[in-house]
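S.K.: Quick one: this structure, given as structure tokens, is what I'll be asking you about.
The values are calculated or read from the model by the stated rules, or taken from the named source; none is laboratory data. None of these values were measured; they are calculated from a predicted model. Cβ placement follows ideal geometry from the backbone for every residue including glycine, while neighbour counts extend to all protein chains displayed.
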């Protein structure tokens, strides 16, 4: 039987406490990261894009899943370079980091309860002090509680022994992340996690943002880097932040004969 654990929430105004929370638990919960007005704006953008560009809302085998809203709804860029997130991630990464992927998901209700789909998005990086290769943040765009689908994670010490699934669950237990719209959770995407689907008519919407080290391999091949961020932005730091091209971006630029004018070119 699963052992359920309560969330640990560090002081939102104490970045050192948040770092220690991540080290001890493998996650940091960030309540009210988005304001109600920002949540409404992003939900409106999703509604608008689902109507205008339904063909964009499908990724690999997942429907209602869009990894390229930066192309059609630039407002989502605010969830990537959020001013409360970037200093925390920089401390955890121990140096420069960059954008990897944006994924926005609309998940309808289900007719039956389903067990948590445990998985790891990528492997750990043992050479990093916190085993941290790709941090991920998940935002909620609607209220999430016991009556809705929810994100679920098995906490772990960030630099602890890497265990197989059953041993990991026995060590860390199971944490259902509940929160109001605008809440978020930051974690190592290698940590065991998944979505818990419940019998409900309620929709759950999430934003998932992944970050990485500039000179490590790209996380995935699903998000195109818009030229207005890596080429035309007035801030050189922003251009650097979006200058790690995955293979998908490079193929599209080559195919469309768009010159690669990056000021920064990470080497994998």
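S.K.: Any chance the range 58-70 includes a residue that's assigned to a helix (DSSP H, G or I) and either in contact (Cβ under 8 Å) with a residue 40 or more places away in the chain or closer than 23 Å to residue 211 by Cβ (or both)?
M.R.: yes
S.K.: In the range 13-47, what count of residues is obtained for those that are without any contact (Cβ under 8 Å) to a residue 60 or more places away in the chain, in contact with a strand residue (DSSP E or B) (Cβ under 8 Å, 6 or more places away or on another chain) and in a loop (DSSP other than H, G, I, E, B)?
M.R.: Within the range 13-47, residues that are without any contact (Cβ under 8 Å) to a residue 60 or more places away in the chain, in contact with a strand residue (DSSP E or B) (Cβ under 8 Å, 6 or more places away or on another chain) and in a loop (DSSP other than H, G, I, E, B) number 0.
S.K.: Let me ask something else. Could you tell me whether residue 29 is touching a helix residue (DSSP H, G or I) at 6+ places or on another chain (Cβ under 9 Å), modelled with pLDDT of 95 or more, loosely packed, with under 15 Cβ neighbours inside 10 Å and closer than 23 Å to residue 176 by Cα? Reasoning before the result, please.
M.R.: On the way: touching a helix residue (DSSP H, G or I) at 6+ places or on another chain (Cβ under 9 Å): yes; modelled with pLDDT of 95 or more: yes; loosely packed, with under 15 Cβ neighbours inside 10 Å: no; closer than 23 Å to residue 176 by Cα: yes.
The answer is no for residue 29.
S.K.: State yes or no: is residue 51 more than 20 Å from residue 193 (Cα to Cα), crowded, with 16+ Cβ neighbours inside 10 Å and at pLDDT 95 or above?
M.R.: No: the conditions fail for residue 51.
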